[in-house]
1. Out of (1) under 11 Å from the mean Cα position of the chain (by Cα); (2) in a strand (DSSP E or B), the odd one out for residue 268 is which?
2. Please go through (1) crowded, with 19+ Cβ neighbours inside 10 Å; (2) in the same structural domain as residue 210 (by TED's automatic domain parsing); (3) outside any strand (DSSP E or B) for residue 126 and return the number of the only condition it doesn't satisfy.
3. Name, by its number, the condition in (1) within 16 Å of the chain's Cα centre (by Cα); (2) not assigned by TED's automatic domain parsing to the domain that holds residue 58 that does not hold for residue 113.
4. Conditions first: (1) touching a residue at least 60 places away in the same chain (Cβ under 8 Å); (2) surrounded by fewer than 14 Cβ atoms within 10 Å (Cβ to Cβ); (3) in contact with a helix residue (DSSP H, G or I) (Cβ under 6 Å, 6 or more places away or on another chain). Residue 253 passes all but one, so which condition is the exception?
5. Does residue 41 meet the test of being over 28 Å from residue 218 (Cα atoms) and surrounded by fewer than 16 Cβ atoms within 10 Å (Cβ to Cβ)?
6. Residue under question is residue 137, and the condition is that it be crowded, with 19+ Cβ neighbours inside 10 Å, at negative phi and not assigned by TED's automatic domain parsing to the domain that holds residue 273; does it hold?
7. Kindly state which helices (runs of 4 or more DSSP H) lie completely within region 8-89 and contain at least 3 residues that are touching a residue at least 60 places away in the same chain (Cβ under 8 Å).
8. Select from region 141-185 the residues that are farther than 30 Å from residue 70 by Cα and touching a residue at least 40 places away in the same chain (Cβ under 8 Å) and write down the one among them that is surrounded by the fewest Cβ atoms within 10 Å (Cβ to Cβ).
């Protein structure tokens, strides 16, 4: 995404210096924007090296997503989120699953539709590109085991690293049940939250709840309320975009909310570039 831009030049280190603390510090402090694509501990270490207060740091790890000193990089959630991204030099890029969950649940809490202690359950499926280098290598190996051909449920202990973020960003007092699946396709995800209407703080139908989302995301370029007439929701329909779609389906007793996004787009790199654009005072859609 960055290589396509004429207004950005990339600072890179030769292989021999990539673990040299002094060289890394010099590069980080000399940049206008530094993206951290590192494990949590390494991201904290790198962020601590940035002594230049003018350098914007956008961290793609889990390390700072619940840190109040960092802006949470989902500008569509509220005007306050967008303003904080524009003014803060430290931005935590959201997790892919958490982006889908927050897109669905944050408006419910903000509008008083659901109470903070509602017993939310979240089901999600993702392509294997979100599994990291080792996971991608396993799925693309010629001699992979047969079980990789089926959807695989993980985070069985309910300790997924996105859960603290999902709870904190949406101001929940009860931790959701989260059931993520990694599946045998490369990219794209759906995040689904089912609701019992009689447990909501306000009685809702699919139609009235859809209007809540349309009002919340009115005027947003990259989050939109959509409908699917085929009866099926494919997880990979937004691949290669920075879009996130919200769907409201069901009936007057049970409603199913679904967010669809590219886990490497709005769920990762696309969101990071959007946050950079906002933080630099540019049109948020540049190169997206």
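1. The number of the failed condition is (2).
2. Answer for residue 126: the failing condition is (3).
3. Going through (1) within 16 Å of the chain's Cα centre (by Cα); (2) not assigned by TED's automatic domain parsing to the domain that holds residue 58 one by one, residue 113 breaks only (1).
4. Unmet condition: (1).
5. Details: over 28 Å from residue 218 (Cα atoms): yes; surrounded by fewer than 16 Cβ atoms within 10 Å (Cβ to Cβ): yes.
Considered against the rule, which asks whether it is over 28 Å from residue 218 (Cα atoms) and surrounded by fewer than 16 Cβ atoms within 10 Å (Cβ to Cβ), residue 41 comes out as yes.
6. Values: crowded, with 19+ Cβ neighbours inside 10 Å: no; at negative phi: yes; not assigned by TED's automatic domain parsing to the domain that holds residue 273: yes.
Against the criterion (crowded, with 19+ Cβ neighbours inside 10 Å, at negative phi and not assigned by TED's automatic domain parsing to the domain that holds residue 273), residue 137 does not qualify.
7. Details: elements: 21-30, 40-49, 79-87.
Fully inside region 8-89 and qualifying: 79-87.
8. Quick first cut of region 141-185, residues farther than 30 Å from residue 70 by Cα only: 141-153, 183-185.
Now narrow it down to the ones that are touching a residue at least 40 places away in the same chain (Cβ under 8 Å): 183-185.
Values: 183: 19, 184: 14, 185: 17.
Step by step, filter region 141-185, then rank; the result is 184.
The values are calculated or read from the model by the stated rules, or taken from the named source; none is laboratory data. Being a predicted model, the structure only gives us computed values, none of them experimental. Ideal geometry is used to build each Cβ from the backbone, glycine not excepted, and the neighbour counts take in all protein chains shown.
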